[in-house]
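This report concerns only the one structure given below.
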Ligand code: S3P
């Protein structure tokens, strides 16, 4: 197994950087491009392993995708033109790939089987199986416990109204993609609003949908037409650099071309409440808002994160824990039970990491209570194959007082190709 030691930065993070393209938006651009009629062009694609799993899945369904420099050209086939895959579709580590594809394949006139890596096979799929079944879908969890491998027998679907128990963009998106093919209206209500990339991109591909507050509604069947999509930088990747710069004295970091969709940028509100100095300068965007983030060091103090703020920073939990560990006072992060069923049990794994770094932490069923330490100690970290845990560990090593050794650091490639090199460049090492 490879191992990486991240040593304390001798200075703050400086310079102007960009981060790889938004993983969440790229999954959707690929899938919508595949089911649209005509050509879709996706610009600025620098996807990691998760996005490549979605690209391979589209190809397995007969969709030609050309990748040249950072531009993808997708020869959309329309729903009717997708062909039965000749083998299992491997979603690898990507929950978004599996859940969104399930919504598409539920209405296609052929059978398919979705598999994934050990982490993905542990994650709950009943949250898409059950609501899709109410639309007429036939999806079987092979182990019988709601987890993948999933066997999908395509069926004609009927629109339905769904009230989700948990805010989930993946579930909402799977239902909207099924709704596109279903007869009649499909309505989805969430308890808190999750990221709205699917809604924005569906509109960019010519779909009509209505959304208001916690509701979104689509009439089916509808056809999509190919579109040109420019991918912004991934806010969830920028988050690791933003927190590192906020903590390290002497930092002044500019991150250009980052997606600043408000359903994703809860971390900016959290850090601002903690006293951070972050400026957001809007840039010209397309379907998604884009901007430059300018982060300067300032001493952070404790805060409380829960409810809507937690949903808007769902993927930032690991790095938020590092910010809390370096802040003055006791930070409470609640309503985070969903984090236990991400690529790893992020609540438990972060509690363990913080303890190893010498930070006082209390683990609750739905979150953590973290008391900031004067400095972080060294540790050896097993990220359990979870990209965001590995990257949070690297930031701990950079901002702490002693090296952090990360086992299997390459799992960061799932979302942020070249992460450690980018971090080292910003730190001038
Ligand atoms: C995602 C939605 C979120 C998020 C995940 C990506 C998406 O998951 O955690 O990393 O692209 O739709 P949930 O829908 O399970 O909350």
Restricting attention to the alpha-carbon atoms of segment 301-429, what are Rg (one decimal) and Dmax (integer), both in Å? 13.7, 40
On full extension of the chain, what length is gained from residue 228 through residue 64, given 0.36 nm per residue of separation minus the C-alpha to C-alpha distance? 57.4 nm
Please report the spacing between the Cα centers of segment 47-75 and segment 8-30 in Å, no decimals. 21 Å
Can you compute log10 of I(q)/I(0) for segment 90-193 with the Debye formula, treating each Cα as one identical point scatterer, at q = 0.14, 0.21, 0.23 Å⁻¹? -0.46, -1.03, -1.22
Taking Cα atoms of segment 1-64, Rg/Rh with Kirkwood Rh, to two decimals? 1.18
Pick from 41, 161, 198: which residue has the top mean-square fluctuation in a GNM of the chain where Cα pairs under 10 Å get a spring? 161
Does anyone have the angle between helix 49-60 and the longest principal axis of the chain? Alpha-carbon axes, 0 to 90°, nearest 10? 10 degrees
What is the angle, in °, between the Cα long axis of helix 169-181 and the longest principal axis of the Cα atoms in the chain? Nearest 10 is fine, range 0 to 90. 20 degrees
How far is helix 95-105 tilted off the main Cα axis of the chain, in degrees rounded to 10, range 0 to 90? 10 degrees
Descending Cα extents along the principal axes, segment 23-230, whole Å: 41, 37, 30
Along the Cα→Cβ direction, 7 angstrom out, place labels at residue 425 and residue 401. What is the inter-label distance in nm? 3.3 nm
For segment 333-380, the Cα-Cα pair-distance distribution in 5 Å bins from 0, as whole percents, is 5, 24, 29, 21, 14, 6, 0
Would you please classify the overall shape of segment 1-130 from the alpha carbon gyration tensor, given that a ≥ b ≥ c denote the square roots of the eigenvalues, rounded means a/c under 1.5, and beyond that prolate means a/b larger than b/c while oblate covers the rest? oblate
Tell me, what is a quarter of the convex hull surface for the C-alpha atoms of the chain, in nm² with one decimal? 18.1 nm²
So what are the radius of gyration and Dmax for the Cα set of segment 248-339, in Å? 13.5, 40
Find how many whole Å separate the alpha carbon centroid of segment 343-392 from the alpha carbon centroid of segment 195-209. 36 Å
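Rounded, prolate or oblate: which fits segment 298-369 when a ≥ b ≥ c are the square roots of the eigenvalues of the alpha-carbon gyration tensor, with rounded for a/c under 1.5 and prolate only if a/b beats b/c?
Values: a/c = 1.73, a/b = 1.19, b/c = 1.45.
It comes out oblate by the Cα gyration axes.
None of the figures in this text is laboratory data; all of them are computed from the coordinates on show. Fair warning: this is a prediction, and the values are worked out from it, not measured in the lab. Note that each Cβ is placed from the backbone with ideal geometry, even for glycine, and that neighbours are counted across all protein chains shown.
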